[in-house]
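Working notes, beginning with the structure itself.
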Amino acid sequence: MRYFIGNWKMFGVPKSVNILNKINSYYSRDKNRNKYRVVITPPYTLIESYSRHFKNKRVTIGAQNCYQKEHFSSNTAAISPYMLKSVGANYTLVGHSDNRGEGDTDPMLKDKVRYAIKNNLKVVFCIGENKIEKKNKKTLSVLKKQLTRVLEKKFDKNKLIIAYEPIWSIGTGKIPLAKELKKTTIYIKKILKEIFKKDSPPVLYGGSVDGSNVEMFKEIKEIDGFLIGGASKTSKKFIDIIKNYYR
Ligand code: PGA
């Protein structure tokens, strides 16, 4: 199974559902549709209405983040995994570099992953090195720490997806070299196998993925799909990624 996950970030109002309607109609007719899953993570404000709208359709709705407590608490503006599930979210991103940059720590991320899984959300756990770490050849050690400090064997592996997103690649148009990315993805899967003592959960790539560079990524069979930011906000760009992946 492949995944095409669109992360809208701070984008979207109710009428933006038209973008997803177009993606959904392509997806419903695509002869390859059973080979992949499309998940979109709109902002919190749209999760309930979009989840209802797509309930019996193919596109799945998720959240971009969740708070590190399970149900209710006195934390202003916080949204828990329980609350997300109750309005129809099926997935949540955790640990996106935007949120790590705003103060998410490994212990916080561990609680987010734990409580999201407990509330039956599928977690897309994001990891990735920054430009300086890459320059200093610290990529693999950074990724290993990000994985081992948060994930535990007891977490349900079937509810986890890992998204490798080099920070220097997010929104910049810069992408890793194929050879390097293959090596990194294999390494991530090796660490995951050690953590879970069985097969690795799926590992996605994210960072400046678009309809033209997806051809390069599809050569790397270890990559199980993509986390797509900028190109998920236009139906044509998002559909082009899927079309070119299966061409
Ligand atoms: P991008 O964002 O595709 O715009 O680089 C990816 C992400 O932040 O998930």
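The values are calculated or read from the model by the stated rules, or taken from the named source; none is laboratory data. Given the structure is predicted, the values throughout are model-derived calculations rather than measurements. Glycine also receives a Cβ, built like all others from the backbone with ideal geometry; neighbour counts cover every protein chain displayed. All accessible areas refer to the heavy atoms of the entire protein, side chains included, with ligands and DNA or RNA removed. Shrake-Rupley method; radii C 1.70, N 1.55, O 1.52, S 1.80 Å.
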Out of (1) surrounded by 21 or more Cβ atoms within 10 Å (Cβ to Cβ); (2) more than 16 Å from the ligand (Cβ to nearest atom), the odd one out for residue 120 is which? (1)
Restricting the first residue to region 186-215 and requiring it to be over 17 Å from residue 152 (Cβ atoms) and outside any strand (DSSP E or B), which pairs with a second residue that is open to solvent by less than 30 Å² (accessible area, probe 1.4 Å) and among the aromatic types (Phe, Trp, Tyr) meet a Cβ separation below 6 Å and a spacing of at least six or different chains? 209/226; 214/245
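Please work out which residue is farthest from the ligand (Cβ to nearest atom), limiting yourself to region 163-172 and to residues that are open to solvent by 60 Å² or more (accessible area, probe 1.4 Å) and not polar (S, T, N, Q).
Residue satisfying both the conditions and the ranking: 167.
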Cβ contacts < 7 Å: first residue assigned to a helix (DSSP H, G or I) and within 16 Å of the ligand (Cβ to nearest atom), restricted to region 87-108; second residue open to solvent by less than 40 Å² (accessible area, probe 1.4 Å) and at pLDDT 95 or above, any location; separation 6+ or different chain. Result? 97/126; 97/128; 97/165; 97/170; 99/65
List the residue pairs whose Cβ atoms are under 9 Å apart, where the first residue sits in region 154-165 and is under 11 Å from residue 118 (Cα atoms), the second is at pLDDT 95 or above and not in a helix (DSSP H, G or I), and the two are 6 or more positions apart or on different chains. 155/123; 159/120; 159/121; 159/122; 159/123; 159/201
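Do we find a residue being over 30 Å from residue 83 (Cβ atoms), more than 11 Å from the ligand (Cβ to nearest atom) and either open to solvent by 10 Å² or more (accessible area, probe 1.4 Å) or in contact with a Phe, Trp or Tyr (Cβ under 8 Å, 6 or more places away or on another chain) (or both) anywhere in region 148-159?
Scanning region 148-159 turns up no residue that is over 30 Å from residue 83 (Cβ atoms), more than 11 Å from the ligand (Cβ to nearest atom) and either open to solvent by 10 Å² or more (accessible area, probe 1.4 Å) or in contact with a Phe, Trp or Tyr (Cβ under 8 Å, 6 or more places away or on another chain) (or both).
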Is it the case that residue 140 is among the hydrophobic types (A, V, I, L, M, F, W, C), part of a helix (DSSP H, G or I) and surrounded by fewer than 19 Cβ atoms within 10 Å (Cβ to Cβ)? yes
